Amino acid sequence: MGHRVPHVTHYLTEHFADDGYTTLSGFRARGGYETARRVLVEQSPDDVIGTLKRAGLKGRGGAGFDAGTKWSFMPRDGAGPSYLVCNADESEPGSFKDRVLMERGPHQLIEGILIPAFATGAATTFLYIRGEYAEPARILQRAIDDATAAGVLGSNVLGTGFAHQIVLVRGAGAYICGEETGLLESLEGKKGQPRRKPPFPAERGAFGRPTTVNNVETFCHVPHIFARGVDWFRSIGTEESPGTTLFGVSGHVERPGLYELPLGTRLDEIIFEHAGGVRAGRKLKAAIPGGVSMPVLPAGHLDVPMANEFLREHGSSLGTGGVIVMDETTCMVRVGCVISEFFRDESCGQCTQCREGTGWMHKLLLRIERGSGTEADLDVLEDVAGKMEGATICAFADAAAWPVQALLRHFRSEFQGHVHAQKCPLPESFEI
Ligand SMILES: Cc1cc2nc3c(=O)[nH]c(=O)nc-3n(C[C@H](O)[C@H](O)[C@H](O)COP(=O)(O)O)c2cc1C
Ligand code: SF4
């Protein structure tokens, strides 16, 4: 199957227990910024992009697009400014990896930005961070200031002659500003509403200029690839999805937390071995593999390697690697109510299917949960979700429809149980 997980390793979080690592001097004492300096002195932008393409690093922001390929889309004709954007919006419920990467390794992120900045010819990176992340924003701003004062950033990066600045921009709490073009609108001071594509950001991005948007974690992998080489990187994870990732495990487990593991680690291994299994000896009912936008998987389908090529065969996706675990006491209709309420509130409202569909899905789910749903409601729910897919300006509507479709696919009998009993058969489940 092309699936291999050779050895457990962690490189992104290796020094995270060490307080000194967050300071410029502590980072440099562990060899920090040496890789960026060497790359900027010894390699051409084309070399850098070629290396990244061979490494096969896939974006960690949700869509899993190949990072080197994305960088190669940027024009390097020198005709005016181009930009990088670091997407630190991290608003997907169940996802908290970027926060830890920024809090515990701010200079690792800056080093990870410098290499693609050089490769794409960008003089400025906008680091767009969700408004609620006050503490990570403070830590990052300090790291940026320290790096600028020490000549790591600025007009002569690390003495190489390359110029680069990082500008921190704080969001104001809208989930849709994590979608890259909604982010760009917000960055420009406009209402955060996704743009029609094409043109794609590499052609027309921030302020009308060519722009590449990558996720925080995607950048953080970059210095390690250049420090240890493509073969090393490809020896971790799977053939199609190399490297580690940070799995954020939450919900009904004994040890919720962040686990850096190779892509391709099985979901049941993450839950039972790393996160200590289901709380209080209860039985597992289901797990969402990658944040609430990703389709739920029922117990019995959790022996799947956590990489997109395998999860797709099970009708789901890696998303942001935020694993949400639910035990036997969980009512899956309530799960649908909570998820659909989130999407109803966060839709930007531009597309009818999304604006109306998210509201209707929530109303139908609440009606079923409260005991007044009918068999016909299940069909209407399925129909509404189906009409939202692939029909809108951005992928938000798909992300809202998929979880509901998966709940119906795997737990239809539980939905029918609500309809027949005219009440929730699991009254001990969580409050809504
Ligand atoms: C509704 C929606 C919300 C998103 N939120 C985020 C987010 O919070 N952080 C993020 O990195 N990517 C988010 N994305 C994905 C971005 O649009 C984009 O693909 C990503 O930042 C690219 O980075 P990568 O290639 O490094 O993964 C979101 C996408 C959608 C459709
Ligand atoms: S799909 Fe939803 S969130 Fe995306 S642009 Fe349309 S209305 Fe806005």
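How many residues does segment 396-423 hold that are away from ligand 1 (no atom under 16 Å from the Cβ) and either open to solvent by less than 20 Å² (accessible area, probe 1.4 Å) or assigned to a helix (DSSP H, G or I) (or both)?
To start, the set of residues in segment 396-423 that are away from ligand 1 (no atom under 16 Å from the Cβ) comprises 405-423.
Going one step further and asking which of them are either open to solvent by less than 20 Å² (accessible area, probe 1.4 Å) or assigned to a helix (DSSP H, G or I) (or both), we end up with 405-421.
Number of matching residues: 17.
Sort out which residues of segment 35-45 are in a helix (DSSP H, G or I) and either within 27 Å of the chain's Cα centre (by Cα) or crowded, with 16+ Cβ neighbours inside 10 Å (or both), and write them in order of number.
Thr35, Ala36, Arg37, Val39, Leu40, Pro45
Considering only residues that are of a type in the set (D, E, K, R) and either surrounded by fewer than 23 Cβ atoms within 10 Å (Cβ to Cβ) or more than 7 Å from ligand 1 (Cβ to nearest atom) (or both), which ones fall in segment 58-69? Spell out how you get there, then give the answer.
First, pick out the residues of segment 58-69 that are of a type in the set (D, E, K, R): 58, 60, 66.
Lys58, Asp66 - these are the residues of segment 58-69 that are of a type in the set (D, E, K, R) and either surrounded by fewer than 23 Cβ atoms within 10 Å (Cβ to Cβ) or more than 7 Å from ligand 1 (Cβ to nearest atom) (or both).
Go through segment 352-395 residue by residue and tally those that are outside any helix (DSSP H, G or I) and either closer than 20 Å to Ser293 by Cβ or among the hydroxyl-bearing types (Ser, Thr, Tyr) (or both). First the steps, then the outcome.
First, the residues of segment 352-395 that are outside any helix (DSSP H, G or I): 370-374, 389-395.
Okay, now just the ones that are also either closer than 20 Å to Ser293 by Cβ or among the hydroxyl-bearing types (Ser, Thr, Tyr) (or both), so 372, 374, 389-395.
Residues in segment 352-395 being outside any helix (DSSP H, G or I) and either closer than 20 Å to Ser293 by Cβ or among the hydroxyl-bearing types (Ser, Thr, Tyr) (or both): 9 in total.
With segment 171-239 as the region, which helices (runs of 4 or more DSSP H) entirely inside it contain at least 2 residues that are within 16 Å of ligand 2 (Cβ to nearest atom)?
On the way: elements: 180-187, 216-228, 230-234.
Here the list reads 180-187.
May I ask you to say which residue of Lys197, Lys191 is among the basic types (Lys, Arg), more than 19 Å from the chain's Cα centre (by Cα) and within 13 Å of ligand 1 (Cβ to nearest atom)?
Working: Lys191 fails: within 13 Å of ligand 1 (Cβ to nearest atom).
Lys197 is the lone residue from the list that is among the basic types (Lys, Arg), more than 19 Å from the chain's Cα centre (by Cα) and within 13 Å of ligand 1 (Cβ to nearest atom).
Can you find a residue in segment 140-147 that is among the small types (Gly, Ala, Ser), within 16 Å of ligand 2 (Cβ to nearest atom) and farther than 18 Å from Phe65 by Cα? Steps first, please.
Narrowing segment 140-147 to residues among the small types (Gly, Ala, Ser): 143, 147.
Still in the running and within 16 Å of ligand 2 (Cβ to nearest atom): none.
No, because not a single residue in segment 140-147 is among the small types (Gly, Ala, Ser), within 16 Å of ligand 2 (Cβ to nearest atom) and farther than 18 Å from Phe65 by Cα.
I need a count of the residues in segment 77-110 that are in contact (Cβ under 8 Å) with a residue 60 or more places away in the chain and either open to solvent by 10 Å² or more (accessible area, probe 1.4 Å) or of a type in the set (Ser, Thr, Tyr) (or both).
So the count comes out to 15.
Go through segment 152-170 residue by residue and tally those that are of a type outside the set (Gly, Ala, Ser) and part of a helix (DSSP H, G or I). Walk me through it before giving the result.
Going residue by residue through segment 152-170, those that are of a type outside the set (Gly, Ala, Ser) are 152-153, 156-158, 160, 162, 164-170.
Okay, now just the ones that are also part of a helix (DSSP H, G or I), so 157-158.
Matching residues across segment 152-170 total 2.
Does Leu24 fit the bill of being open to solvent by 20 Å² or more (accessible area, probe 1.4 Å), aliphatic (A, V, I, L, M), more than 14 Å from Val230 (Cβ to Cβ) and more than 16 Å from ligand 1 (Cβ to nearest atom)? First the steps, then the outcome.
Details: open to solvent by 20 Å² or more (accessible area, probe 1.4 Å): yes; aliphatic (A, V, I, L, M): yes; more than 14 Å from Val230 (Cβ to Cβ): yes; more than 16 Å from ligand 1 (Cβ to nearest atom): yes.
Yes; evaluated as a whole, the condition is true for this residue.
So if I check each of Gly50, Gly26, which one is without any contact (Cβ under 8 Å) to a residue 60 or more places away in the chain, part of a helix (DSSP H, G or I) and over 27 Å from Pro136 (Cα atoms)?
On the way: Gly26 fails: over 27 Å from Pro136 (Cα atoms).
Criteria check complete, one pass: Gly50.
The values are calculated or read from the model by the stated rules, or taken from the named source; none is laboratory data. This is a predicted model, so every value here is computed, not measured. Please note: Cβ atoms are built from the backbone with ideal geometry, for glycine as well, and neighbour counts cover all protein chains shown. Just so you know, the surface numbers come from the protein's heavy atoms only, side chains and all, with ligands and any DNA or RNA stripped out. Shrake-Rupley method; radii C 1.70, N 1.55, O 1.52, S 1.80 Å.
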